Amino acid sequence: QSALTQPPSASGSPGQSVTISCTGTSSDVGGYNYVSWYQQHPGKAPKLMIYEVTKRPSGVPDRFSGSKSGNTASLTVSGLQTEDEAEYYCNSYAGSSNFVVFGGGTKLTVL
Amino acid sequence: QVQLQESGPGLVKPSQTLSLTCTVSSGSISVGGYFWSWLRQHPGKGLEWIGYIYYSGSTNYNVTLKSRLTISVDTSKNQFSLNLRSVTAADTAFYYCARSGSNGFFDNWGQGTLVTVSS
């Protein structure tokens, strides 16, 4: 069982927006502004999409955005494209000893 | 940007030691401020952080694996390594090496390597 809770699946049609949640505790998501999101296509390594809750690495489309409220972080994908179909994982810093925890992943389907 | 590449046996027998090496290129492992991690992903499952090492040799391990785990670094070869002892079938997974900052986001990943534990 993963430390962070994500819905197992999400879906949307091309052009629509979808939001994926990531719920933790005050010891991880709620305690730090250090939530990141990763996209993983089948057979590939995860790719960093969002870090420090809202920041996008260079090259990540601005269709991807992040937010946080309390113990729950969210990833929003706007203007869905077929290539956005992938598994998405959240992770959070969890202190110097535990370092990081991950969510169980959300399979995003673009209908 | 920095590139990471895992290498090592794809098949390990139960009770033996799983050993993998991550070679870092297009950047130095000795640059301060970065932690060099191992993560794994059981087939069809989520990601699990295994542990990290700093270029100085200081380490931090996932408490669930700590008793079986050693991560080491060879700055002269720009490599870091994973040794996981007494493996079982439950250690069968894709193993990734990755770079992170101190706040836990992984910005560069290796392509991953599947390690199967089986006799």
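The values are calculated or read from the model by the stated rules, or taken from the named source; none is laboratory data. Because the structure is a prediction, the values reported are computed rather than measured. FYI the Cβ positions are ideal-geometry reconstructions off the backbone, even for glycines, and counts take in every protein chain you see.
List of remarks:
- With respect to the conditions (1) away from chain B (no Cβ under 11 Å); (2) among the hydroxyl-bearing types (Ser, Thr, Tyr); (3) part of a loop (DSSP other than H, G, I, E, B), A:Ser11 falls short on a single one, namely (3).
- Selection over segment B:1-48 of residues that are under 14 Å from B:Asp74 (Cβ atoms) and either buried (at least 19 other Cβ atoms within 10 Å of the Cβ) or within 14 Å of another protein chain (Cβ to nearest Cβ) (or both) gives a count of 5.
- For segment B:69-111, the set of residues classified as closer than 14 Å to B:Gln3 by Cα and buried (at least 22 other Cβ atoms within 10 Å of the Cβ) consists of B:Phe80, B:Tyr96, B:Cys97, B:Ala98, B:Arg99, B:Ser100, B:Phe106, B:Trp109, B:Gly110, listed by residue number.
- Within segment B:49-76, residues that are within 10 Å of chain A (Cβ to nearest Cβ) and within 18 Å of B:Asp91 (Cβ to Cβ) sit with their Cβ atoms under 9 Å from residues that are basic (Lys, Arg) and not in a strand (DSSP E or B), at 6+ positions apart or across chains, in these pairs: B:Gly51/B:Lys66.
- Exclusive hit being out of contact with any Phe, Trp or Tyr (no Cβ under 8 Å at 6 or more places or on another chain) and closer than 16 Å to A:Val18 by Cα, set A:Gly79, A:Gly59, A:Gly43: A:Gly79
- Residue-level analysis places A:Ser9 outside the set of residues that are over 28 Å from B:Phe94 (Cα atoms) and among the hydroxyl-bearing types (Ser, Thr, Tyr).
- Of the strands (runs of 3 or more DSSP E) lying entirely inside segment A:22-110, the ones with 3 or more residues being within 13 Å of another protein chain (Cβ to nearest Cβ) are found at A:35-40, A:47-50, A:86-93, A:100-102.
- Out of A:Lys68, A:Lys44, sole residue that is modelled with pLDDT of 95 or more and closer than 19 Å to B:Leu39 by Cα: A:Lys44
Yes or no, residue by residue, for (1) at pLDDT 95 or above; (2) in contact with a strand residue (DSSP E or B) (Cβ under 8 Å, 6 or more places away or on another chain); (3) under 16 Å from B:Ala98 (Cα atoms):
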site: B:Glu6; (1), (2), (3): yes, yes, yes
site: B:Thr23; (1), (2), (3): yes, yes, yes
site: B:Gly32; (1), (2), (3): no, no, yes
site: B:Leu39; (1), (2), (3): yes, yes, yes
site: B:Tyr52; (1), (2), (3): yes, yes, yes
site: B:Arg68; (1), (2), (3): yes, yes, no
site: B:Ser76; (1), (2), (3): yes, no, no
site: B:Ser81; (1), (2), (3): yes, yes, yes
site: B:Arg85; (1), (2), (3): yes, yes, no
